[in-house]
Amino acid sequence: MRKDIIINANPHEIRIGIREDGELVELLIERADSKRIVGNLYRGVVTSVKPGLQAAFVDIGLERAGFLHASDLVHEDPESVEAVDGPLPAGGGRSGRNAQVPDIGDMLKVGDKILVQVTKEPISSKGPRLTADISLPGRFLVYMPKGHHVGVSRKIEDRRERVRLKRILQEARPDAGAFIVRTAAEEAEEKAIRADVKYLSDLWLTVEAADREVQAPALVHEDVGMVVGLIRDIFKDDVDMLVIDDKDDYKRLQKYVQIFAPEIKDRVRLHRDASAIFDHYDIEQEIRKSTEPKVWMKKGGYIVIEQTEALVSIDVNTGRFVGRHNQEDTIVETNLLAAREVARQLRLRDIGGIIVVDFIDMESEGNKKRVLNELRNALKNDRARTKVFPVSNLGLAEMSRQRVRPSLVSFLSNDCPYCHGAGKVLSLETLANRIEREVHRVHHKTGEKQLQIVANPMLALYLSTERSEQLDDLCSEHGMIIDVTDDPGLHRENYQVLSLKSDRDLIQEAEKRFLPRGRGNRGHAVGQPTGAGRERYDRGERGARPDRAERTERTGRTERFDRDDLQDRDDQPERIDRPVRPEPEARDDRSESPRDRDAGPRRRLAGPPRARPEYRRPRTVESAENRDAGEARDSAPVDDGAETVSRPRRRGRRGGRRRSTRGAGDVGSGGEAGSFGGGAGEGGGAD
């Protein structure tokens, strides 16, 4: 297998791509303002001891306190260890929580100062994971000051080589401390191993001296940077080349390699091409794809990766792949491709924790084992510890992967500020139904007949077009006037039902009026969003609803009514929040329907029955430029063949209605969009 390491470095960010056989399998990113802290040593202060969790929380000077389990307080010499590529995981070489652990209350008290090491980055709302069993990694060895044993990585399978390495360590190691031989030490010279022993022993003496001088909480020792750590941990004989695009970093890297690994100096190169290094090696496009849930595979199949708080689910689909022979062969071939792609995506996206893979159902038990073995083989090159379990009764492949840092998706992206990571918002149909129920409830409990629905522009548009008939029915049923207006500042799931007369919040009023005595308003004061939208509302981001004057100043809208206008509503022409419907040319032969005659002041004037108007954003103020253009157009001379007539434009209050000269027997169609209800028998149409 051919392995390459490509490094894109700049003052703000370092990106490292690791390729195997030309495919990107790992991506490491470190930014100047968020450097990795795994491997750092801190002098911390115990802030809380939780016997029920067998753990303590330790302040190490970061935003969140670190988590220290009782199993990470002591060192237990193991018989053998896995390959080590950095600080040992929590619990060192121990079996972790399965081993006998001391009582945390007997080991630590609040206020104690303790030297700890970070083994896991802060993830989501959790603080860093800590251990008191310190481990210092070198190029060939890992040194643990609390231990006394000598171990060899299980990946070194040659028995003679294992015996040779143990003999060298037994002769070279100091009186105290444990050493584990890393995989990179296989066939290494004895001189290099002895030099690593001396380097790590001197480093521990330096750490002890610094620990005595600092005032907790404080950083005692910072691990090497990501680039140097990469060379220390994974630059082995199987790496063909390391290419970096920054000259200064290239020179520093050459100096480090000359001292600690001179045998790999010729494989470290500087990118001299004019093109960007990640574009040159086709990495940039792979990074863009790494945040998408759907991943296409060869032959047309694909997998879908969904990350949740508890686990990661991966679904396998045949997609466009139809195969050549029979269905079972097609399914098996798709699953084999998916097993390899799943292993690659887990490494690339740095996904950890519990992972469930839903392969396509197979009939043959032999095929199931074949796919599972393919997954295990593909995970052998993963530096993180993984464990694959047998296929469950539901046909799911379950596995776990060591999680050391946040996943790549969470590092590169933030939760959507609108849905706050939920990925869903209530549909317009659901919200419209909710508003209609709210209008029924408000009318029943408050008796208010002049209502204003304030909603997000998308919801207001839907109400004024798709739901206009239902709102007509509400007006007729309860004898109400309903005005629909939009507010771009409102969340899509948020709405208000106000009184047109007094601008009172009718939802709050209805809930307060019927609460038990002595209890405050615990209902939804406003039509509150659910899920993520509700979460945003609960934090107070929406704020209090401004009064009418403030809304006018903020949104640039003018109000349609004076208080006196509202009191004499029956004498006022109708207003709606939709554009004026085109008046039919011949209306004399039309008569009012029984419903129109009986509706009285509750009926909304309309043009052709149930004609759906074009929507115009309600309650918006005409710009000066458009207004002047309209006036010029309306006042332009009209040549009717006999004489030129100047037709002045008639304008009233914005939000009022055009005065009509139509007789009482005509059915008008004028007004503005979005208002339902109004006077009957009066025209609001063309002059």
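The table below gives the values:
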item: Entirely in the range 216-291, the helices (runs of 4 or more DSSP H) that have 2 or more residues that are at pLDDT 90 or above, open to solvent by less than 80 Å² (accessible area, probe 1.4 Å) and in contact with an Asp or Glu (Cβ under 6 Å, 6 or more places away or on another chain); result: 277-280
item: Breaking point among (1) among the small types (Gly, Ala, Ser); (2) surrounded by 19 or more Cβ atoms within 10 Å (Cβ to Cβ); (3) modelled with pLDDT under 90, for residue 447; result: (2)
item: Yes/no for residue 350 being acidic (Asp, Glu) and within 19 Å of residue 321 (Cβ to Cβ); result: no
item: Residue selected from the range 422-444 under the condition open to solvent by 50 Å² or more (accessible area, probe 1.4 Å) and small (Gly, Ala, Ser), by the criterion modelled with the lowest pLDDT; result: 422
item: Residue within the range 378-392 that is out of contact with any Gly (no Cβ under 8 Å at 6 or more places or on another chain), loosely packed, with under 12 Cβ neighbours inside 10 Å and of a type in the set (Lys, Arg) present; result: yes
item: Among (1) among the β-branched types (Val, Ile, Thr); (2) in contact (Cβ under 8 Å) with a residue 40 or more places away in the chain; (3) more than 21 Å from residue 294 (Cβ to Cβ); (4) open to solvent by less than 30 Å² (accessible area, probe 1.4 Å) - the single one residue 314 does not satisfy; result: (3)
item: Yes/no for residue 331 being within 26 Å of the chain's Cα centre (by Cα), at pLDDT below 95 and open to solvent by less than 40 Å² (accessible area, probe 1.4 Å); result: no
item: Condition check for residue 467: among the basic types (Lys, Arg) and closer than 17 Å to residue 495 by Cβ; result: yes
item: Members of the range 178-188 found to be open to solvent by 10 Å² or more (accessible area, probe 1.4 Å) and not acidic (Asp, Glu), listed by number; result: 183, 184, 188
item: Test result for residue 175, acidic (Asp, Glu) and crowded, with 16+ Cβ neighbours inside 10 Å; result: no
item: Helices (runs of 4 or more DSSP H) lying entirely in the range 374-477 (those with 1 or more residues that are in contact with a helix residue (DSSP H, G or I) (Cβ under 7 Å, 6 or more places away or on another chain) and under 30 Å from residue 230 (Cα atoms)); result: 408-412
item: Qualifying positions in the range 290-308 - within 22 Å of residue 397 (Cα to Cα) and touching a residue at least 60 places away in the same chain (Cβ under 8 Å); result: 307
item: Output for the range 359-381, where each listed residue is farther than 26 Å from residue 235 by Cβ and in contact with a Ser or Thr (Cβ under 7 Å, 6 or more places away or on another chain); result: 360
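The values are calculated or read from the model by the stated rules, or taken from the named source; none is laboratory data. Here the structure is a predicted model, which means the values were calculated and not measured. Backbone-built Cβ (ideal geometry, glycine too); neighbour counts: all protein chains shown. The protein model used for the area step is the full one, side chains on, heavy atoms only, and it has no ligands, DNA or RNA in it. Shrake-Rupley method; radii C 1.70, N 1.55, O 1.52, S 1.80 Å.
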